[in-house]
Amino acid sequence: MCGIVGAIAERNVVPILLEGLRRLEYRGYDSAGVATLDDARHLQRVRAVGKVQALAEQLAEQPIAGRLGIAHTRWATHGAPSVRNAHPHVSGNEVALVHNGIIENYKELRAELTELGYVFESETDTEVVAHLIAHQLEREGDLLAAVQSAVARLIGAFSLGVICRREPGRLVAARQGSPLVIGIGIGEHFIASDVFALLPVTQSFVFLEEGDIADISRSGFTIFDHSGRAVQRPQAVSAQSAGVADKGPYRHYMLKEIFEQPTVIADTLEGRIHDGRLLESCFGVGASALLDQVRQVHIVACGTSYHAGLVARYWLEELGVPASVEVASEYRYRDPVIAPGTLFVSISQSGETADTLAALRGAKARGCLGSLAICNVPESSLVRESGLVLMTRAGREIGVASTKAFTTQLVALRLLSIALGRRHALTLEREQLLVSELTALPAQVEAALALNKDIERLAEAFADKHHALFLGRGTQYAVAMEGALKLKEISYIHAEAYAAGELKHGPLALVDPTMPVLCVLPDNALQEKVVSNLQEVRARGGELFLFADAGLDVHFEGSGVHLLRVGPVSDSIAPVVFTVPLQLLAYHVAVLKGTDVDQPRNLAKSVTVE
């Protein structure tokens, strides 16, 4: 989950590298570093613990320059955040390297290299690769050959950027299971984990594929596949804006992104419905013919995206489409039975989630009927490797805790359920109703955002809490799971979600006056049963925070009940609307507790390692 930037040019590349790191900071902010090769062929390195700003301050005190350089922002895996564990790592004064991913056989390699006399200064798996390349360089006499030989011995998922003192006109990059892109300039070239890092200097890119190694100079580059054969990869022009996202009038990116949801939901729907009906062409060329053959759906995702998939299962099954939802990190290591007619649906904000990508590749190898990616990044590996694609159009999401990506995923999944439902239990009249409710969704979310001040006051009751229970039934159970995840992610309050009917099967033992219990209660067939579950909470003195549909006649006796009215909202879009107050609650609680809302501890935005 680390970020890599590299550059080779006829100008000083340090400002380019530093700006690239700022743009990649969502991928890790435990430490950061830069290494360059100056005109005298000296390797220079500056590293700092913490965010990229700490590195910028260090560079101001200890300036370096060079026309060849690499940089890195780290999310710690092997070794605690510290200067000695920060990248770039070096071997002597010969080789410098940045690395994203995990080397699984690093212990064996470290023991072997120690026997050969190499001295290790860090606890990382990355330093092993630096010494291994240096060792191969002594044998091969050529940086490209050394990297190729070293990579052949590595087990794991990784991307690499390597520079060498004896070859000042060369930057070598490698990709195996972790994203890496080449940025194309005029008389200069770049590498990065994400195109966003390089948009200030280029919008032309080549995406490395699995097993690729690139030999890059100022004038051009050559890509070799896993067998060592020179290959051509297609060049793409990014449609993303080069402008750095700013917070505008908002205190944090997360709050800005919460308030962007009406707009991005409308964007996600634009051009995909017409005259009260879904346009199936939005899923890609040949989508209708493939959807005709679908008999069941496997949905696989991680974290927030997994919660979106859980909601979609209810939507699909109510329309007669069998569906299963699994966490990608479990799915990829099972032997799932993929029956004929199975559509594999992967969901990811970044499109680079390692477990989700591995699950997709496994499902394709097992012969699934087809694959559909629901994703927010058009240049991502998930999009490029899936047969059908539905982009969420959420725009760049900077806050680590996902908000607008989640609600746009739900909208995309609702469109999918309509497309598949047509072939099962969905009538034309019902489809038109569902579509009309989707078109009304931006206004419904806008109304939910108007509760912001009430929720800010409500958050004061959480400032001293250490635990919370979230409850819901049906689709709202998944919404409760997402609400609990948001609270724990950014406020560090331990929160769990349960199906409300399960309360009496164990969690009720936790309920006392110090345990806040939050429940989402839309107007649907399950609301009376949920109210009965909540009476169990009240009977034990639990403090209740209830987000209820404005059309419901709900009353609880006594104090300790906080009631917030939402809507009224149609049950079909209630999961999207009821999510918004829970996002705002988590945000305001985190602000009161003084946590780093946009970059919470121990987390990173794009999870590109297992």
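The values are calculated or read from the model by the stated rules, or taken from the named source; none is laboratory data. Quick caveat: nothing in here was measured; it's all calculated off a predicted structure. All Cβ positions, even for glycine, are placed from backbone atoms using ideal geometry, and neighbour counts span all protein chains on display.
Values for this structure:
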item	result
Flag for Gly370 being over 13 Å from the mean Cα position of the chain (by Cα), surrounded by 21 or more Cβ atoms within 10 Å (Cβ to Cβ), assigned by the TED database to the domain that holds Pro575 and farther than 21 Å from Pro179 by Cβ	yes
Residue in the stretch 67-76 that is at pLDDT 90 or above, in a loop (DSSP other than H, G, I, E, B) and more than 23 Å from the chain's Cα centre (by Cα) present	yes
When residues of the stretch 87-141 are limited to those that are part of a loop (DSSP other than H, G, I, E, B) and within 21 Å of Ala174 (Cα to Cα), the one modelled with the lowest pLDDT	Glu104
Selection within the stretch 13-31 - outside any helix (DSSP H, G or I) and either in contact with a Leu (Cβ under 9 Å, 6 or more places away or on another chain) or surrounded by fewer than 19 Cβ atoms within 10 Å (Cβ to Cβ) (or both)	Val13, Ser31
Output for the stretch 393-403, where each listed residue is basic (Lys, Arg) and touching a Phe, Trp or Tyr at 6+ places or on another chain (Cβ under 9 Å)	Arg396
Which listed residue is in a helix (DSSP H, G or I), under 22 Å from Ala365 (Cα atoms) and not hydroxyl-bearing (Ser, Thr, Tyr), from Ala312, Ala266, Ala289	Ala289
Pairs, first more than 17 Å from Ile184 (Cα to Cα) in the stretch 221-237, second polar (S, T, N, Q) and surrounded by 10 or more Cβ atoms within 10 Å (Cβ to Cβ), C-beta under 7 Å, six or more apart	Gly228/Gln148; Ala230/Thr222
Members of the stretch 32-61 that are on the phi > 0 side of the Ramachandran plot and modelled with pLDDT under 90	Gly50
Extreme residue, nearest to Leu199 (Cα to Cα), among residues of the stretch 32-43 that are touching a Gly at 6+ places or on another chain (Cβ under 7 Å) and part of a strand (DSSP E or B)	Val34
Subset of the stretch 91-122 (residues that are within 30 Å of the chain's Cα centre (by Cα), surrounded by 20 or more Cβ atoms within 10 Å (Cβ to Cβ) and under 30 Å from Asp38 (Cα atoms))	Ala96, Leu97, Val98, His99, Asn100, Gly101, Ile102, Ile103
Long-range neighbours under 9 Å by Cβ, at least six apart or interchain, first residue over 23 Å from Arg457 (Cβ atoms) within the stretch 524-551, second of a type in the set (Gly, Ala, Ser) and at pLDDT below 75	Glu536/Gly542
Cross-chain or 6+ apart pairs with Cβ under 9 Å, the stretch 192-209 first and modelled with pLDDT of 90 or more and among the hydroxyl-bearing types (Ser, Thr, Tyr), then in a strand (DSSP E or B) and buried (at least 23 other Cβ atoms within 10 Å of the Cβ)	Thr202/Gly183; Thr202/His189; Thr202/Phe190; Ser204/Gly183
Filter result for Phe205 (among the aromatic types (Phe, Trp, Tyr) and assigned to a strand (DSSP E or B))	yes
Search result, residues across the stretch 520-574 that are surrounded by fewer than 19 Cβ atoms within 10 Å (Cβ to Cβ), part of a strand (DSSP E or B) and of a type outside the set (A, V, I, L, M, F, W, C)	His562, Arg565
Matching residues in the stretch 75-90 - criterion: being under 26 Å from Leu144 (Cβ atoms) and either surrounded by 24 or more Cβ atoms within 10 Å (Cβ to Cβ) or free of Cβ contacts under 8 Å to residues at least 24 places away in the same chain (or both)	His87, Pro88, His89
Residue within the stretch 340-359 that is free of Cβ contacts under 8 Å to residues at least 12 places away in the same chain, assigned by the TED database to the domain that holds Arg414 and hydrophobic (A, V, I, L, M, F, W, C) present	no
Residue list for the stretch 271-290, filter: touching a residue at least 12 places away in the same chain (Cβ under 8 Å) and under 27 Å from the mean Cα position of the chain (by Cα)	Arg272, Glu280, Cys282, Phe283, Gly284, Ala287
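This table checks each residue for (1) under 21 Å from Glu210 (Cα atoms); (2) assigned to a loop (DSSP other than H, G, I, E, B).
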position	(1), (2)
Ser350	yes, yes
Asp355	yes, no
Ala359	yes, no
Val383	yes, no
Leu416	no, no
